[in-house]
Amino acid sequence: MHRTQQNIISFDLEHWYMATLLRDEVTNPTARLEESVDIVLSLLSEYNTRATFFVVGTIAEKYPNLMERIVGDGHEIGSHGHTHTPIFELNKAEFAEELTRSSDAITSAVGQRPLGFRAPNFSITRKTSWALNVLTSQGFRYDSSVFPVRTPMYGVTNAPVEPYVPGEDSFSKTAGRGAHELVEFPLAVFHPTFRVPIAGGFYARLLPSKLLRKGIKTLNRRGIPATLYFHPWEFNPRVVRTDISLHKQFVSFHGVSSLRDTVARILESFEFGPLRELLPAYA
Ligand SMILES: [Zn+2]
């Protein structure tokens, strides 16, 4: 069966200073959340593209009008936890509580329960694979938290690079019904063998835009959708802070001023949509 290859573009919606790398570092942050989301919404509408926004529950509670605008533009809202706590720092009961609270906050803001989840800091790894069971038991239909390459902060070596139904081993696919009854959408890497992360965020700000486009093309040629992630603040040069360590400045803010152009060229070159639209092809 031939299917036009659709890729996935997603945005993790949190305050920029909630990032694991910055949360203990920054004092007196200015939120700029709405102006950052505005930049992203106008970019998406310019290229007639719909996306998934994984929203932190406390943000959905505080900015219900912004949630309505995102949904009003045809985008999907998923859960990014309630307080942006990485799963490494939670037990099962605490994680379940994070999910319930964020789902309730999203539902009361937009009238729809989220179908999908992205873990703060991509914190679903071999140590926290129990999280997939918790997601299934709470009715989530998909997860997009697995980084199929090991990085200093997260990732799972040799996890599938294409969307899959996890088996008993959460990081290999099953042929039939999976153990978890949800679909995992791993983040994009350059090549199934040559696994350089190209999924977005820091990598898209660091790597040449030509390399990102080549990576998406390589995956698509193999019938694999590229799942990309960004944060709205990464498009807003006004969030840049210079009162933090050079290393953290580099990881957090390098390339912020050119990301809009990079992503515009990607949106121009490939077809993108929200995760919920690709779900039926893999569920
Ligand atoms: Zn996040």
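Listing for the model above:
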| read-out | value |
| --- | --- |
| Odd one out for LEU275, checked against (1) in contact with a strand residue (DSSP E or B) (Cβ under 6 Å, 6 or more places away or on another chain); (2) open to solvent by 20 Å² or more (accessible area, probe 1.4 Å) | (2) |
| The one condition in (1) at pLDDT 95 or above; (2) open to solvent by 30 Å² or more (accessible area, probe 1.4 Å) that THR49 fails to fulfil | (2) |
| ILE198 within 16 Å of the ligand (Cβ to nearest atom) and β-branched (Val, Ile, Thr) | no |
| Segment 108-153: number of residues that are within 15 Å of the ligand (Cβ to nearest atom), in contact with a Phe, Trp or Tyr (Cβ under 7 Å, 6 or more places away or on another chain) and open to solvent by 20 Å² or more (accessible area, probe 1.4 Å) | 1 |
| Any hit, segment 60-78, residues being open to solvent by 10 Å² or more (accessible area, probe 1.4 Å), on the phi < 0 side of the Ramachandran plot, of a type in the set (A, V, I, L, M) and in a helix (DSSP H, G or I) | yes |
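The values are calculated or read from the model by the stated rules, or taken from the named source; none is laboratory data. These numbers come from a predicted model, not from an experiment. All Cβ positions, glycine included, derive from the backbone under ideal geometry; neighbour counts span all protein chains shown. SASA here: full protein model, heavy atoms, side chains in, ligands and nucleic acids out. Shrake-Rupley method; radii C 1.70, N 1.55, O 1.52, S 1.80 Å.
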